[in-house]
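Novice: The structure is given below, and queries will be raised subsequently.
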Amino acid sequence: MTEKLSIAIDMDDVLAGTTEKMVLSYNALKQTNYVPDDLLTMDLENLFDEVTMVQLFNEMNAPGFTRDLVVKENAIEVVEELNSIYDVYIATAAMEIPGSFQDKFEWLQEYFPFLDVNHYIYCGNKKVVRSDYLIDDNLKQLHQFQGTGILYTAHFNQKIEAPFTRIDNWLDAHTHFVANKKDRVEETRERRLKNYEKILAAFK
């Protein structure tokens with residue numbers, strides 16, 4: 001296998017601290033003092049009732065919310081190195097928050113200027129993404145993805161068991177994709193071969 005493998009990377013809570021900003025917005029709305037880790041032990045249905053969800057959606061959908069999100073530690077350096085040895089794409093479910101399109105574009109341009117803008121994928125269902133790997137914190141998106149999913153640990157998924165390789169931070173991502181690149185090549189070769197065999201079997 002001589003061509004570059006491809007990696008699609010989610011933005012919210014993978015590259016950017018979206019939950020941290022959301023909790024700050026919640027605190028401002030409700031006059032509370034929660035921190036993101038509180039989400040692990042609280043009744044989220046009571047915390048995010050229907051009225052609050054509408055209020056938070058309006059906050060997140062407003063121009064500027066996404067523009068000043070904090071970048072995850074080591075993300076810039078690791079993604080830049082990944083981009084030198086893989087085809088890297090950004091796959092973000094912006095359809096859920098349509099007001100974030102421009103902010104996300106400008107945020108990526110500011111912090112990840114080395115990425116090809118033609119590799120930005122704004123989507124809903126990431127089943128349409130055809131990369132070899134997808135790094136995402138959302139289990140639903142990983143289950144729909146057709147390649148090899150990598151679960152990025154976020155506040156909402158820390159205690160969830162899932163059938164995906166889990167990475168906790170961008171240094172883990174470096175180990176998985178850079179230090180162990182030969183394993184990724186072999187893993188992808190085997191997956192592609194299995195998919196090819198399925199296609200052939202369908203025509204028999």
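The values are calculated or read from the model by the stated rules, or taken from the named source; none is laboratory data. Predicted, not measured: the structure shown is a model, and the values here were computed from it. For neighbour counting, all protein chains shown are included, and Cβ atoms are generated from backbone atoms with ideal geometry for every residue, glycine included. Please note that ligands, DNA and RNA were not included when accessible areas were found on the heavy atoms of the full protein model with its side chains. Shrake-Rupley method; radii C 1.70, N 1.55, O 1.52, S 1.80 Å.
Novice: Pull up segment 168-189, narrow it to residues that are of a type outside the set (D, E, K, R) and part of a loop (DSSP other than H, G, I, E, B), then point me to the one that is farthest from Val78 (Cα to Cα).
Specialist: Residue satisfying both the conditions and the ranking: Asn180.
Novice: Could you go through segment 46-57 and let me know if any residue there is surrounded by 12 or more Cβ atoms within 10 Å (Cβ to Cβ), in contact with a Gly (Cβ under 6 Å, 6 or more places away or on another chain) and at pLDDT below 95.
Specialist: No - not one qualifying residue is present in segment 46-57.
Novice: Follow-up. For Leu108, only one of the following conditions fails: (1) modelled with pLDDT under 90; (2) among the aliphatic types (A, V, I, L, M); (3) assigned to a helix (DSSP H, G or I). What is its number?
Specialist: (1)
Novice: Still on this model: Could you list, ordered by first residue, the pairs with Cβ atoms under 9 Å in which the first is in segment 21-44 and within 18 Å of Glu59 (Cα to Cα) and part of a loop (DSSP other than H, G, I, E, B) and the second is open to solvent by 30 Å² or more (accessible area, probe 1.4 Å) and modelled with pLDDT under 90, at least 6 apart or interchain?
Specialist: Tyr34/Met42
Novice: Also, quick follow-up: Can you confirm whether Tyr122 is buried (at least 19 other Cβ atoms within 10 Å of the Cβ), closer than 21 Å to Ala75 by Cα and of a type in the set (Ser, Thr, Tyr)?
Specialist: Considered against the rule, which asks whether it is buried (at least 19 other Cβ atoms within 10 Å of the Cβ), closer than 21 Å to Ala75 by Cα and of a type in the set (Ser, Thr, Tyr), Tyr122 comes out as no.
Novice: Let me ask something else about it. So Pro163 passes all but one of these: (1) free of Cβ contacts under 8 Å to residues at least 12 places away in the same chain; (2) closer than 18 Å to Asn83 by Cβ; (3) over 15 Å from the mean Cα position of the chain (by Cα). Which condition number does it fail?
Specialist: For Pro163, the exception is condition (2).
Novice: In addition: Being over 15 Å from Thr19 (Cα atoms) and among the aliphatic types (A, V, I, L, M) is the filter here; which residues of segment 43-55 pass it?
Specialist: Answer for segment 43-55, where residues must be over 15 Å from Thr19 (Cα atoms) and among the aliphatic types (A, V, I, L, M): Val51, Val54.
Novice: Looking at Thr66 and the list (1) part of a strand (DSSP E or B); (2) surrounded by 19 or more Cβ atoms within 10 Å (Cβ to Cβ), which single condition is not satisfied?
Specialist: Condition not satisfied by Thr66: (1).
Novice: Quick check on segment 28-45. Is at least one of its residues over 19 Å from Asp137 (Cα atoms), modelled with pLDDT of 90 or more and open to solvent by 80 Å² or more (accessible area, probe 1.4 Å)?
Specialist: Scanning segment 28-45, I find at least one residue that is over 19 Å from Asp137 (Cα atoms), modelled with pLDDT of 90 or more and open to solvent by 80 Å² or more (accessible area, probe 1.4 Å), so the answer is yes.
Novice: Same structure, new question: Checking Asp168 against (1) under 16 Å from the mean Cα position of the chain (by Cα); (2) without any contact (Cβ under 8 Å) to a residue 12 or more places away in the chain; (3) open to solvent by 60 Å² or more (accessible area, probe 1.4 Å): exactly one of these is not met. Which one?
Specialist: (2)
Novice: Condition first: within 21 Å of Pro98 (Cα to Cα) and small (Gly, Ala, Ser). Now tell me which residues in segment 8-59 satisfy that.
Specialist: Scanning segment 8-59 gives Ala8, Ala16, Gly17, Ser25.
Novice: Which of the residues spanning segment 82-104 are buried (at least 16 other Cβ atoms within 10 Å of the Cβ), of a type in the set (Asp, Glu) and assigned to a helix (DSSP H, G or I)?
Specialist: Asp103 - this is the single residue of segment 82-104 that is buried (at least 16 other Cβ atoms within 10 Å of the Cβ), of a type in the set (Asp, Glu) and assigned to a helix (DSSP H, G or I).
Novice: Is there a residue being open to solvent by 40 Å² or more (accessible area, probe 1.4 Å), at pLDDT 95 or above, under 27 Å from Gly149 (Cβ atoms) and of a type in the set (S, T, N, Q) anywhere in segment 1-20?
Specialist: no
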